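The values are calculated or read from the model by the stated rules, or taken from the named source; none is laboratory data. Just so it is clear, the model here is predicted, and its values are computed rather than measured. With ideal geometry, Cβ positions are generated from the backbone for all residues, glycine too; neighbour counts draw on all protein chains shown. The accessibility values were calculated without ligands, DNA or RNA, using every heavy atom of the protein model including side chains. Shrake-Rupley method; radii C 1.70, N 1.55, O 1.52, S 1.80 Å.
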Amino acid sequence: MTTRNNSVPAEAPANCPLCPRLVAYRQDNASQEPAWFNGAVPSFGDPNAHLLVVGLAPGRTGANRTGRPFTGDYAGDLLYATLLKFGLAQGEYDRRPDDGLTLAGAMITNAVRCAPPQNKTTTPEENTCRPFLQARIQALPQLKTIVTLGLVAHRNTVKALGAKIKDAPFGHGHEAKIAGYRLISSYHCSRYNTNTGRLTTEMFEAVFRQAVNS
Ligand code: URA
């Protein structure tokens, strides 16, 4: 992994000022929907996680609304059901941050912590947010395995670990050893991927089965 800048915390402040386009979008959302979270969404889960799931960025009406990664997002239905199935979550997922769900041995974070317009991050935004991802990884003392959801999350995680994409090419279920971690890439559990059949429940579960079996 590239050297950590110790001044960077693992979580961006909710009102992080670093990406002008994302700040403007946040403010715009806040003026339309003042009751929503509308901030940099913190990671969620177990500080002793052995498994880290890295998503892309909060969805506008999902994690950006609720303040918990993937919570209220279509993609969260499959992700949380899968974590529950493999014993990585406890309780019941009910699409709201006060549903009482806890993660056990797992944590969920995003490569970019603020919701981007049209769900698309830019390379400068990914670069600016990456130190938080690096710090997040380094702050997990038990971490062994990282599952990346989609190419953008994968590319940014590989970079955060100080490696090159050729060292860990993206592919559903592809696994590489990078900086001492098992890095497993998955298609993103987005509505688009599940509706088009690019990703099935079985395919997604296979990745988590692989992740929990060392
Ligand atoms: N919600 C998130 O928090 N991250 C994603 O990648 C998608 C939806």
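Going by the structure shown, is Arg68 charged (D, E, K, R) and either under 23 Å from Leu133 (Cα atoms) or open to solvent by less than 20 Å² (accessible area, probe 1.4 Å) (or both)?
Values: charged (D, E, K, R): yes; either under 23 Å from Leu133 (Cα atoms) or open to solvent by less than 20 Å² (accessible area, probe 1.4 Å) (or both): yes.
The answer is yes for Arg68.
Picking from Ala75, Ala106, Ala49, which residue would you name as being touching a His at 6+ places or on another chain (Cβ under 9 Å) and within 23 Å of Gln138 (Cβ to Cβ)?
After applying the criteria, what remains is Ala106.
Kindly indicate the residue of segment 1-49 that is β-branched (Val, Ile, Thr), open to solvent by less than 80 Å² (accessible area, probe 1.4 Å) and not in a helix (DSSP H, G or I) and also modelled with the highest pLDDT among those meeting that condition.
Residue satisfying both the conditions and the ranking: Val41.
Would you pick out the residues in segment 90-144 that are in contact (Cβ under 8 Å) with a residue 12 or more places away in the chain, at positive phi, open to solvent by 50 Å² or more (accessible area, probe 1.4 Å) and of a type outside the set (Lys, Arg)?
Within segment 90-144, Asn119 is the sole residue that qualifies.
Return the residues of segment 127-146 that are within 14 Å of the chain's Cα centre (by Cα) and either among the β-branched types (Val, Ile, Thr) or under 17 Å from Asn64 (Cα atoms) (or both); say none if nothing qualifies.
Hits for segment 127-146 are Cys129, Ile137, Thr145, Ile146.
Mind checking which pairs have a first residue in segment 70-87 that is over 20 Å from Pro116 (Cα atoms) and more than 8 Å from the ligand (Cβ to nearest atom) and a second that is at pLDDT 95 or above and part of a loop (DSSP other than H, G, I, E, B), Cβ under 6 Å, 6 or more apart or different chains?
Close Cβ pairs satisfying both conditions: Leu78/Cys189; Leu79/Phe70; Leu79/Cys189; Tyr80/Tyr93.
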